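Here's the structure, in structure tokens; my notes come after.
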Amino acid sequence: SFQKPEDAIRYRRGAFRVLAPHFGVLGAMANGRMPYDAAAAARSADVVAIASTLPRAGFGPGTDKGENTRAKPEIWSENAKFRAAAEKMQGEMQKVAAAAKTGNLDNLKAAFGPAAGTCKACHDDFRRD
Ligand code: ASC
């Protein structure tokens with residue numbers, strides 16, 4: 001569904017670029033750096049839940065080269081591990097979304113840490129510095 005590898009790379013980076021600030025808002029609320037706003041949290045959680053499912057489509061074969069990516073070759077050479085990490089991340093983001101929708105800050109706090117851990121795990125293994 002992408003005309004060129006660069007389009008896939010741009011797509012996946014765009015998805016992460018949407019994901020990150022919405023996840024960041026949830027983290028700021030969970031960590032007390034921003035006042036808890038249940039409606040704003042629920043909205044960002046909806047964005048996070050959807051956006052977390054998007055990047056994978058942009059990591060197809062032939063999208064490993066280029067100056068505009070920090071993707072490591074292990075994404076493709078250890079693709080089952082990468083896919084498992086992506087699925088784990090998506091699952092944790094669904095939990096964050098469910099927690100945010102309860103309107104209870106303690107639930108958001110409980111869900112946020114494990115979700116952030118799945119971001120970091122994938123960056124450590126599959127993203128260049
Ligand atoms: C974020 C964000 C990430 C993760 C990561 C967690 O808010 O943008 O990439 O959390 O920093 O360690």
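The values are calculated or read from the model by the stated rules, or taken from the named source; none is laboratory data. Just so it is clear, the model here is predicted, and its values are computed rather than measured. Note that each Cβ is placed from the backbone with ideal geometry, even for glycine, and that neighbours are counted across all protein chains shown. Surface accessibility is based on the protein's heavy atoms, side chains included, excluding ligands, DNA and RNA. Shrake-Rupley method; radii C 1.70, N 1.55, O 1.52, S 1.80 Å.
Quick notes on this structure:
- Meets criteria (closer than 30 Å to residue 37 by Cβ and part of a loop (DSSP other than H, G, I, E, B)) for residue 60: no
- Restricting attention to the stretch 1-13, the residues being open to solvent by 80 Å² or more (accessible area, probe 1.4 Å) and assigned to a helix (DSSP H, G or I) number 4.
- Screening the stretch 101-129 for residues that are more than 22 Å from residue 17 (Cβ to Cβ) and among the basic types (Lys, Arg) and picking the one that is nearest to the ligand (Cβ to nearest atom) gives 109.
- Subset of the stretch 80-100 that is farther than 19 Å from residue 46 by Cα and open to solvent by less than 50 Å² (accessible area, probe 1.4 Å) - its residue that is farthest from the ligand (Cβ to nearest atom): 82
- Residue list for the stretch 26-52, restricted to those being over 14 Å from residue 116 (Cα atoms) and within 12 Å of the ligand (Cβ to nearest atom): 33, 44, 51
- Odd one out for residue 66 among (1) assigned to a helix (DSSP H, G or I); (2) at pLDDT below 95: (1)
- Taking each residue of the stretch 1-25 that is away from the ligand (no atom under 16 Å from the Cβ) and looking for partners that are of a type outside the set (Gly, Ala, Ser) with beta-carbon atoms closer than 6 Å, six or more apart or interchain, yields 5/63; 8/2; 8/63; 9/63; 9/68; 9/69.
- Output for the stretch 14-32, where each listed residue is open to solvent by 70 Å² or more (accessible area, probe 1.4 Å) and either polar (S, T, N, Q) or touching a Pro at 6+ places or on another chain (Cβ under 8 Å) (or both): 16, 31
- Of the residues contained in the stretch 53-60, one or more are found to be more than 14 Å from the ligand (Cβ to nearest atom), open to solvent by less than 40 Å² (accessible area, probe 1.4 Å), closer than 16 Å to residue 8 by Cβ and not hydrophobic (A, V, I, L, M, F, W, C).
- Residue 113 part of a loop (DSSP other than H, G, I, E, B) and modelled with pLDDT of 95 or more: no
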